[in-house]
Every structure is written in structure tokens, then in C-alpha cells.
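The values are calculated or read from the model by the stated rules, or taken from the named source; none is laboratory data. Treat the numbers as computed from the prediction; the structure is a model and nothing was measured. Quick reminder, even Gly has a Cβ in these numbers, built from the backbone with ideal geometry, and neighbours come from all protein chains shown.
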Amino acid sequence: MVYVKTRFSVVDNSGALISECIKVLRKKNQQGTVSDIVIVAVKSAKPRKKVKKHNVQRGVIVRTKKRIHRNYIGYTIYFDRNSIILIDKKNNPIANRIKGSVCQELRYKKFMKIVSMAASVI
């Protein structure tokens with residue numbers, strides 16, 4: 001589960017490296033999972049890129065440490081760190097490259113541009 005103050009690694013080439021959750025959108029209990037939209041503050045960034053340090057951005061969660069159980073197959077999936085991809089107001093990714101794999105649950109929430117840009121979908 002992802003809560004407020006959770007740190008994420010950003011897995012796109014927008015320039016942000018580490019970000020911190022400020023709010024989980026459209027959730028009463030403020031617990032985010034894969035494919036939820038969060039508002040984050042950028043804590044560290046690369047110089048001369050699109051996103052700067054201390055910017056407030058929107059992001060979609062693509063990987064979590066929390067186990068994801070898929071009942072229709074019987075698998076349990078989890079990753080070694082929490083990761084997000086930064087998006088704009090129309091849910092399009094800011095960057096043009098995604099590092100690593102993303103979860104299949106993004107397909108069900110209509111993040112097809114992110115799914116098509118990813119190296120693999122698990």
C-alpha cells in the first residue's frame with residue numbers, strides 16, 4: 001500500500017529521480033495501489049531536464065512492494081521498490097521513455113500509452 005509520505009523512484013526520462021507522495025486521488029482512506037493516480041513532490045532531479053526539484057506533479061503508480069494477488073490466474077506479484085511515472089492533466093506521460101516493466105492493471109484503467117511505451121508488461 002502507498003500512503004502519504006511514501007517515497008517513489010521515478011522510472012521515466014522526465015528528469016525526476018525520487019518523489020514523495022502528497023495525496024492519493026479519488027480514495028477516501030488514502031491508500032494507493034497499482035494504477036492509482038497520486039500527487040507527488042519531486043525530491044531529487046537531474047539538471048537541465050523537464051522536471052525540476054521541488055515541483056508538484058501528478059503520477060501513476062506502476063510498481064509496488066505490496067503483493068498484488070491475481071485471482072483469475074492465481075499469481076502473486078510484487079516488486080523490490082515503489083515506482084511511478086509522471087503524467088499531465090490528460091493522463092498522458094510527460095516523458096517519452098519508460099525504464100523497466102509495468103503491471104498489467106494499467107490496461108484496465110485505460111493507461112494505454114504507458115503500456116505501449118513500456119519495455120514489458122507483467
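Screening segment 36-52 for residues that are of a type in the set (D, E, K, R) and out of contact with any Gly (no Cβ under 9 Å at 6 or more places or on another chain) and picking the one that is nearest to Asn91 (Cα to Cα) gives Asp36. Applying the condition of being under 17 Å from Asn91 (Cβ atoms) and free of Cβ contacts under 8 Å to residues at least 40 places away in the same chain to segment 3-32 and asking which residue is surrounded by the most Cβ atoms within 10 Å (Cβ to Cβ) yields Gly32.
Does any residue of segment 91-107 turn out to be exposed (fewer than 13 other Cβ atoms within 10 Å of the Cβ) and among the hydrophobic types (A, V, I, L, M, F, W, C)? Checked segment 91-107: no residue is exposed (fewer than 13 other Cβ atoms within 10 Å of the Cβ) and among the hydrophobic types (A, V, I, L, M, F, W, C). Look through Ile73, Ile98, Ile77, Ile114 and report the one residue that is of a type in the set (Val, Ile, Thr) and in contact with a Pro (Cβ under 7 Å, 6 or more places away or on another chain). Selected residue: Ile114, the only one of Ile73, Ile98, Ile77, Ile114 that is of a type in the set (Val, Ile, Thr) and in contact with a Pro (Cβ under 7 Å, 6 or more places away or on another chain). Figure legend. Inter-residue proximity from segment 104-115: first residues without any contact (Cβ under 8 Å) to a residue 40 or more places away in the chain, second residues surrounded by 16 or more Cβ atoms within 10 Å (Cβ to Cβ) and assigned to a helix (DSSP H, G or I), beta-carbon distance below 8 Å, spacing 6+ or different chains. Indicated pairs: Arg107/Val115; Val115/Leu106.
Of all the listed residues (Ser44, Ser19), the sole one being modelled with pLDDT of 95 or more and either assigned to a loop (DSSP other than H, G, I, E, B) or within 12 Å of the chain's Cα centre (by Cα) (or both) is Ser19.
For residues in segment 42-61 being aliphatic (A, V, I, L, M) and surrounded by 15 or more Cβ atoms within 10 Å (Cβ to Cβ), which is nearest to Arg7 (Cα to Cα)?
Checking each candidate, the answer is Val42.
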